[in-house]
Amino acid sequence: MTVNNAAAMLLTLLYAGLFWWAFRVLPREGWQFLATVPRSRRPDGQWTGLNLTYYGAFTASAVLIAVAFVIVLLGSVAVSLESILCLSVIMLGACVPAAKILARVIEGKANTLTIGGASMFGLFLAPWIVAAMNTVFHAMGGAVIPLPAVLATVAIAYAFGEGTGRLACLSFGCCYGAPLNQSHPWLSKLFAQHHAMFVGPTRKAAYERNLEAVPLVPIQAMTAAVSVAAGMAGLWLFFSGRMVAAFVVTVVVTQVWRIGSEYVRADYRGEGTVSWYQLLSVAGIVYVVILAAWLADVPHVSPDLPRGIRLLWQPGVILCLQGLWLGIFVFTGRSRVTTATLSLHVVKDQI
């Protein structure tokens, strides 16, 4: 068994175990809030608390996983760590704020995020960012970054990030599916035993649509599985040296699913029969096809997975990833739509 095949098998087993646990457990009560931090004392002696969410923890983990994939995959084709980090910083600097801005523009809500929309924004920017970086590197006498490998890497990293990030939605109860009792009979029958059902009045499905403890189409779980499957297909093509094919297959699968899955969602995605998110996905597919028409599907350097892992497994890189996780958690994990009331006491029999 080759290193690539062994890594793919291990990755598949890890995600299978994670999904088996998450799909069953995260919609249950007790899996929305990770911690509550006292903020200010009230006149009655109690405290107002800031809720820190599993949504933020899973979102931060999804971003960390995506960046780790970028480092490993681009490192495997001999792109320097400096170039990878520069690309990652620019992409994250554009996409993280875009997640909030696009959601506000499309949905008209201040306290929501769109990871899918931000990822499409990053996809549109990626070729231009690489072109600008290569211009600078060429002028400085440095090595240029292979665009096909970058695009394939960004697509694969997005797929695994999206698959992991959907667990955040399962925890918070957002991006929820349609109620089974209002769905087509074949959908109701298909998911009669395997549906999503959110418990707790602070879940978004509960406070937005009064769908607490109502069986729903498990769209978050389905999207997670499809995204990771697309990422695995992209990985196989990437390590086969078929960069453009990896790019096209991964983006097309994830975005076609996004277009179709919108029709079995019940959360608000904007006015009209066709949402802006679906239009972004259509535009992304067209954009990918146009790019693929003139990109050469020849690897700059043959991918070597151990070389990429060695690039990742450095103290400085690990510390940067930990800092990135913490920054994303602070940005996405502070709940603005819920609050808490805390009462602090001394346990006298423990003094």
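Axis angle, to the nearest 10 degrees, between helix 3-25 and the longest C-alpha principal axis of the chain: 20 degrees. At full extension, Ser302 and Arg41 could sit 87.9 nm farther apart than now, given 0.36 nm per residue minus the alpha carbon distance. Ordered from largest to smallest accessible area (heavy atoms of protein chains, 1.4 Å probe), the residues Glu29, Glu162 come out as Glu29, Glu162.
Efficiency by 1/(1 + (r/R0)^6): what FRET value for Tyr287 and Leu344, r their Cβ-Cβ distance, R0 = 41 Å, to the nearest 0.05?
0.15
Computed with a 1.4 Å probe on the full set of protein chains, the accessible area for Ile290 sits at about 100 Å². Met9 exposes around 100 Å² of accessible area when a 1.4 Å probe is run over every protein chain in place. In order along segment 82-90, phi translates into HN-Hα couplings of 4, 5, 5, 5, 4, 4, 5, 5, 5 Hz, rounded to whole numbers, per the Karplus curve 6.51 cos²θ - 1.76 cosθ + 1.60 with θ = phi - 60° and x for Gly and Pro. Mean-square fluctuation check for the chain, GNM, Cα pairs under 10 Å: which of Thr48, Thr153, Thr59 is largest? Its mean-square fluctuation being the largest, the pick is Thr48. Dividing the summed -39500 (n - 2.57) terms of all DSSP H runs of n ≥ 4 by the residue count of the chain sets its mean residue ellipticity at 222 nm at -21500 deg cm²/dmol.
Remind me, relative contact order of the chain in percent, using alpha carbon pairs under 8 angstrom and six or more residues apart?
Once normalised by length, the contact order is 28 percent.
A cut-off of 5 Å between modelled amide H atoms, ignoring neighbours fewer than 5 places along the same chain, links Ala266 with Tyr176, Gly177, Ala178.
Near the amide H of Phe33, within less than 5 Å, lie the amide hydrogens of Tyr54, all on another chain or at least 5 residues away, with H placed in the peptide plane. Taking the Cα atoms only, what angle lies between the long axis of helix 315-332 and the longest principal axis of the chain, rounded to 10 degrees? So the helix axis and the longest Cα principal axis differ by about 40 degrees. Accessible surface of the chain, 1.4 Å probe: 68 percent of it comes from carbon and sulfur atoms. Relative protection proxy for 34-43, 167-176, 328-337, from highest mean packing down: 167-176, 328-337, 34-43 (other beta-carbon atoms within 10 angstrom). The Cα center of segment 146-225 and the Cα center of segment 287-340 differ in position by 23 Å.
Excluding ligands, DNA and RNA, the accessible surface per residue across the chain is 48 Å² with a 1.4 Å probe. Springs join every pair of Cα atoms under 10 Å in this Gaussian network model of the chain, and among Ala266, Ala131, Ala157 the largest mean-square fluctuation is at Ala131.
Converting phi to 3J(HN,Hα) with the Karplus coefficients 6.51, -1.76 and 1.60 and the offset θ = phi - 60°, segment 246-259 yields 4, 4, 5, 4, 5, 5, 5, 4, 5, 7, 5, 4, 4, 4 Hz in sequence order, with x at every glycine or proline. When every alpha-carbon pair in the chain is counted, what percent end up more than 29 Å apart? Percent of Cα pairs beyond 29 Å in the chain: 42.
The values are calculated or read from the model by the stated rules, or taken from the named source; none is laboratory data. Please read all numbers here as calculations on a predicted model, not as lab measurements. Note that each Cβ is placed from the backbone with ideal geometry, even for glycine, and that neighbours are counted across all protein chains shown. Heavy atoms of the whole protein, side chains included, go into the accessibility calculation; ligands, DNA and RNA do not. Shrake-Rupley method; radii C 1.70, N 1.55, O 1.52, S 1.80 Å.
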